[in-house]
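Asker: Take this structure, written in structure tokens, and hold onto it; I'll ask about it next.
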Amino acid sequence: MRHSVTVRVGPAAFRVGADWRSPIEQLRDLYRDYPAFGGVPDFTVSLSAARPWRRWIRPSVAIGGDFTLPEAAPLPLAHGLLAAEMAMNLQMALGWRRHLLLHAATVERDGRALILCGESGAGKSTLAAMLHRTGWRLLGDEFALIDPATGDVHPFPRPISLKNSSVALLRDHGRWGSLLTGTPKGDIRHLIPDPASIAAMTRPAVPALLLFPRFGFDAAAREVGGSEGFVRLTTASTNYTGLGEAGFRTLTRLVHHVPMAAIDYPDTDVALTLIEELWR
Amino acid sequence: MSAAATLVRVLRDPGAAATLDVAGWTGLIACARAEQLLGTLAWRVDGLALPAGVAPILADARDAAEAARRGALWEAEMARRALVPLGVPAILLKGTAFVAAGLAAGQGRAIGDLDLLVPRDAMAAVETALIDAGWEWVKPDPYDDAYYRRWMHELPPMIHRERDRMIDVHHTILPLTARRRPDAGALIAAAQPLGNGLSVLHPADMIVHAAAHLLADGDLAGGLRNLWDIDRLVREWDDPDAAAVLRRHAAAHNLADTVALALRLSHRLYGTPVDPALAGAARPSDGWFVRRLLARDGWGRPTRPATRLAFYVRSHWLRMPPAMLARHLWIKWLRKPPGA
């Protein structure tokens with residue numbers, strides 16, 4: 001393709017090509033602190049004009065690549081960076097087989113990992129960014145990668161995708177990508193992980209606590225048993241079914257070894273307090 | 001050379017992979033994924049020295065193919081349990097048949113839906129039995145449903161409500177509107193039992209079906225994979241009279257020239273050993289098929305839009321008489337969602 005860049009995050013490398021210069025330049029900027037990658041990438045992503053004339057007239061980005069969803073709608077060129085990030089997520093969700101993938105944010109302290117598992121809107125990314133600010137190492141805000149051989153969680157420290165009010169909440173902290181306004185998910189801005197998290201992006205951590213956060217409720221915490229946790233995590237995994245027996249073994253080991261709790265929180269300060277209490 | 005041409009060269013001669021650099025491998029892998037041939041490629045180059053980074057990608061592809069094989073065999077078993085009480089012949093087709101019969105064509109192969117062939121007069125009973133066992137309709141649209149039932153060679157696609165897997169129940173191997181009319185009774189009569197109540201097609205009929213599927217029923221989408229099936233089936237079929245038997249079966253199904261073309265293309269691209277008398281002499285038009293089959297770049301994107309469009313038009317021309325085609329396209333156009 002006319003413009004392209006290859007980036008590696010944790011164990012996975014992505015080649016992203018585009019008909020336009022701007023999404024690739026934004027990606028280069030977003031990943032400028034990540035180590036250069038010159039090998040054969042695991043995945044290919046292409047951002048191309050949805051129709052030939054859409055390269056110039058009201059430019060519209062169709063998401064292509066190794067793995068695609070037929071129902072994915074094209075995005076305006078102004079949101080090309082979002083298209084690239086969505087496409088990279090999609091490759092992992094549909095194509096990655098070396099780890100069990102959980103839709104979760106993960107941070108690490110003292111070699112032990114905290115996994116925050118929840119649906120969109122549960123506040124995973126915001127909580128991960130807040131914890132990262134207070135000194136936790138960022139393992140990732142989108143996927144927790146559980147190693148079927150060891151049970152460890154592997155880092156996948158993409159820039160943290162923050163929306164709307166979360167951007168304002170963390171505004172004075174760290175380095176950011178360009179602001180994307182008016183996307184289908186509102187305003188989005190990517191917070192770049194600190195250099196230590198990027199430097200350690202191939203060093204796994206041992207899962208120590210798994211939380212199911214829920215935003216917008218009065219503060220509450222309750223223990224989650226193995227069976228409930230197992231069922232919740234099967235629905236939170238993009239490749240549990242595809243991995244077959246390996247997926248089952250990995251997930252049963254996780255729920256047997258890691259304490260789990262569901263927490264409700266009305267605001268991030270309460271959440272951080274609850275997390276610190278449960279972490280001890 | 002297009003990435004698809006590189007893919008064909010490496011499938012044909014895995015040693016050719018040794019000449020590829022990082023860019024060459026990157027394009028090869030993207031193209032093989034798009035052609036649903038990455039698992040096959042992974043098995044072909046297994047054991048060769050591979051650049052760092054390539055080995056884990058291909059190991060994943062073999063792993064995914066093994067998961068596909070296991071899933072396909074399980075779906076076949078689920079269908080078997082639903083259909084055995086009916087006592088009607090049930091014949092596995094395509095990928096599931098290849099892995100159930102342990103054929104080389106199944107090694108590393110991507111397998112999607114479960115394709116079954118049953119006698120036409122058993123279709124109603126099969127439909128009821130499958131619905132009782134948890135399969136349900138995918139397309140609730142009345143026109144599509146009526147169209148399938150009247151003109152297609154299969155029931156409207158069904159999906160299992162718990163396992164989320166599709167099943168296609170065929171009563172012959174080409175649509176009823178197509179210009180060719182294979183002999184479905186002969187396909188069923190010659191089928192070879194697997195010993196568990198299910199069968200697979202006779203080796204000659206597998207080749208005839210693969211050729212019909214590739215050249216008489218579609219726009220050659222996924223054509224390199226279908227042609228690879230043909231290459232593997234021809235090479236593995238160990239019978240001194242293979243050429244004569246294949247000639248007889250192809251003629252009986254009114255698909256002699258389709259099979260001949262498939263053999264010429266398979267020979268030309270994959271070096272398949274074919275009987276020259278059966279395949280016939282190369283024709284200038286063969287080059288158009290090759291051009292279409294190789295229309296993919298190193299980003300996995302389709303290329304040569306005019307050639308693709310020509311084959312798309314051809315596919316409809318083959319499938320329907322002109323007046324019927326006009327009516328069908330008119331109805332489809334009216335129902336097209338705005339902006340699509």
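Asker: Quick one: which of B:215, B:176, B:224 is open to solvent by 20 Å² or more (accessible area, probe 1.4 Å) and among the aliphatic types (A, V, I, L, M)? It would help to see each step written out before you state the result.
Answerer: Numbers: B:215 fails: open to solvent by 20 Å² or more (accessible area, probe 1.4 Å); B:224 fails: open to solvent by 20 Å² or more (accessible area, probe 1.4 Å).
The match here is B:176.
Asker: I need every pair where a residue in region B:66-88 that is under 13 Å from residue B:163 (Cα atoms) has its Cβ under 9 Å from the Cβ of a residue that is in a helix (DSSP H, G or I) and of a type in the set (A, V, I, L, M), sequence separation at least 6 or different chains.
Answerer: From region B:66-88, the pairs are B:72/B:99; B:72/B:100; B:76/B:97; B:76/B:99; B:76/B:100; B:79/B:130.
Asker: Which one is farthest from residue A:177 (Cα to Cα), of the residues in region A:46-103 that are aromatic (Phe, Trp, Tyr) and open to solvent by 10 Å² or more (accessible area, probe 1.4 Å)? Before you say what the answer is, go through the steps one by one.
Answerer: At the first step, the residues of region A:46-103 found to be aromatic (Phe, Trp, Tyr) are A:53, A:56, A:67, A:96.
Among the residues that remain, those that are also open to solvent by 10 Å² or more (accessible area, probe 1.4 Å) are: A:53, A:56, A:67.
Details: A:53: 29, A:56: 25, A:67: 25 Å.
Here the answer is A:53.
Asker: List the residue pairs whose Cβ atoms are under 8 Å apart, where the first residue sits in region B:119-142 and is free of Cβ contacts under 8 Å to residues at least 60 places away in the same chain, the second is open to solvent by 80 Å² or more (accessible area, probe 1.4 Å), and the two are 6 or more positions apart or on different chains.
Answerer: B:129/B:85; B:133/B:81; B:134/B:161; B:134/B:162; B:135/B:161; B:136/B:161
Asker: On to the next question. May I ask you to list the residues in region B:17-26 that are more than 9 Å from chain A (Cβ to nearest Cβ), in a helix (DSSP H, G or I) and either among the acidic types (Asp, Glu) or open to solvent by less than 10 Å² (accessible area, probe 1.4 Å) (or both)?
Answerer: Listed by number, the list holds a single entry, B:17.
Asker: Something else: Applying the selection to region A:126-142, what residues are in contact (Cβ under 8 Å) with a residue 60 or more places away in the chain and either within 22 Å of residue A:257 (Cβ to Cβ) or surrounded by fewer than 20 Cβ atoms within 10 Å (Cβ to Cβ) (or both)? Let's see the steps before the verdict.
Answerer: Step one: of region A:126-142, the residues in contact (Cβ under 8 Å) with a residue 60 or more places away in the chain are A:126-127, A:129-132, A:134, A:137, A:139-140.
Once the filter is applied, which keeps residues that are in contact (Cβ under 8 Å) with a residue 60 or more places away in the chain and either within 22 Å of residue A:257 (Cβ to Cβ) or surrounded by fewer than 20 Cβ atoms within 10 Å (Cβ to Cβ) (or both), region A:126-142 yields A:131, A:134, A:137, A:139, A:140.
Asker: Quick one: how many residues across region B:195-209 are open to solvent by less than 40 Å² (accessible area, probe 1.4 Å) and touching a residue at least 60 places away in the same chain (Cβ under 8 Å)? Steps first, please.
Answerer: Residues of region B:195-209 open to solvent by less than 40 Å² (accessible area, probe 1.4 Å): B:198-209.
Pick out the ones that are also touching a residue at least 60 places away in the same chain (Cβ under 8 Å) and you get B:198-201, B:206, B:209.
Residues in region B:195-209 being open to solvent by less than 40 Å² (accessible area, probe 1.4 Å) and touching a residue at least 60 places away in the same chain (Cβ under 8 Å): 6 in total.
Asker: I would also like to ask the following. In region A:54-71, how many are assigned to a loop (DSSP other than H, G, I, E, B) and touching a Leu at 6+ places or on another chain (Cβ under 6 Å)?
Answerer: Start the filter on region A:54-71 by keeping residues that are assigned to a loop (DSSP other than H, G, I, E, B), which leaves A:56-59, A:66-71.
Filter again for touching a Leu at 6+ places or on another chain (Cβ under 6 Å), leaving A:59, A:67.
Looking only at that region, the number is 2.
Asker: Of the numbered conditions (1) within 14 Å of another protein chain (Cβ to nearest Cβ); (2) touching a residue at least 40 places away in the same chain (Cβ under 8 Å); (3) more than 18 Å from residue B:104 (Cα to Cα); (4) open to solvent by 20 Å² or more (accessible area, probe 1.4 Å), residue B:60 satisfies every one except a single condition; which is it?
Answerer: Going through (1) within 14 Å of another protein chain (Cβ to nearest Cβ); (2) touching a residue at least 40 places away in the same chain (Cβ under 8 Å); (3) more than 18 Å from residue B:104 (Cα to Cα); (4) open to solvent by 20 Å² or more (accessible area, probe 1.4 Å) one by one, residue B:60 breaks only (2).
Asker: Does region B:73-94 include one or more residues that are more than 30 Å from residue A:16 (Cα to Cα), open to solvent by 60 Å² or more (accessible area, probe 1.4 Å), within 14 Å of chain A (Cβ to nearest Cβ) and not in a strand (DSSP E or B)?
Answerer: The answer is yes, given that some residue of region B:73-94 is more than 30 Å from residue A:16 (Cα to Cα), open to solvent by 60 Å² or more (accessible area, probe 1.4 Å), within 14 Å of chain A (Cβ to nearest Cβ) and not in a strand (DSSP E or B).
Asker: Which strands (runs of 3 or more DSSP E) does region A:72-178 wholly contain that include 1 or more residues that are under 23 Å from residue A:26 (Cα atoms) and touching a Phe, Trp or Tyr at 6+ places or on another chain (Cβ under 8 Å)? Full working, then the answer.
Answerer: Details: elements: A:100-109, A:112-117, A:137-140, A:143-146, A:160-163.
Fully inside region A:72-178 and qualifying: A:137-140, A:143-146.
Asker: Can I ask one more? Just to be sure I understand, how many residues within region B:31-54 are facing chain A (nearest Cβ under 10 Å) and either open to solvent by 30 Å² or more (accessible area, probe 1.4 Å) or assigned to a loop (DSSP other than H, G, I, E, B) (or both)?
Answerer: The total comes to 6.
Asker: Among the candidates A:123, A:111, A:80, single out the residue that is in contact with a helix residue (DSSP H, G or I) (Cβ under 9 Å, 6 or more places away or on another chain), touching a residue at least 60 places away in the same chain (Cβ under 8 Å) and at positive phi.
Answerer: Working: A:111 fails: in contact with a helix residue (DSSP H, G or I) (Cβ under 9 Å, 6 or more places away or on another chain); A:80 fails: at positive phi.
Going through A:123, A:111, A:80 in turn, just one is in contact with a helix residue (DSSP H, G or I) (Cβ under 9 Å, 6 or more places away or on another chain), touching a residue at least 60 places away in the same chain (Cβ under 8 Å) and at positive phi: A:123.
Okay, residues lined up against (1) crowded, with 22+ Cβ neighbours inside 10 Å; (2) within 14 Å of another protein chain (Cβ to nearest Cβ); (3) closer than 20 Å to residue B:37 by Cα:
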{"site": "B:241", "(1), (2), (3)": "no, no, no"}
{"site": "B:268", "(1), (2), (3)": "no, no, yes"}
{"site": "B:286", "(1), (2), (3)": "no, no, no"}
{"site": "B:299", "(1), (2), (3)": "yes, yes, yes"}
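Asker: Mind listing whichever residues of region A:162-183 are under 11 Å from residue A:126 (Cα atoms) and touching a residue at least 40 places away in the same chain (Cβ under 8 Å)?
Answerer: A:166, A:169, A:170
Asker: Just the residues that are more than 14 Å from residue B:301 (Cα to Cα), more than 10 Å from chain B (Cβ to nearest Cβ) and of a type in the set (A, V, I, L, M), please, taken from region A:38-62.
Answerer: A:57, A:61
The values are calculated or read from the model by the stated rules, or taken from the named source; none is laboratory data. Nothing here was measured: the structure is a model prediction, and the numbers come from that model. For neighbour counting, all protein chains shown are included, and Cβ atoms are generated from backbone atoms with ideal geometry for every residue, glycine included. These accessible areas exclude ligands, DNA and RNA; they are computed on the full protein's heavy atoms, side chains included. Shrake-Rupley method; radii C 1.70, N 1.55, O 1.52, S 1.80 Å.
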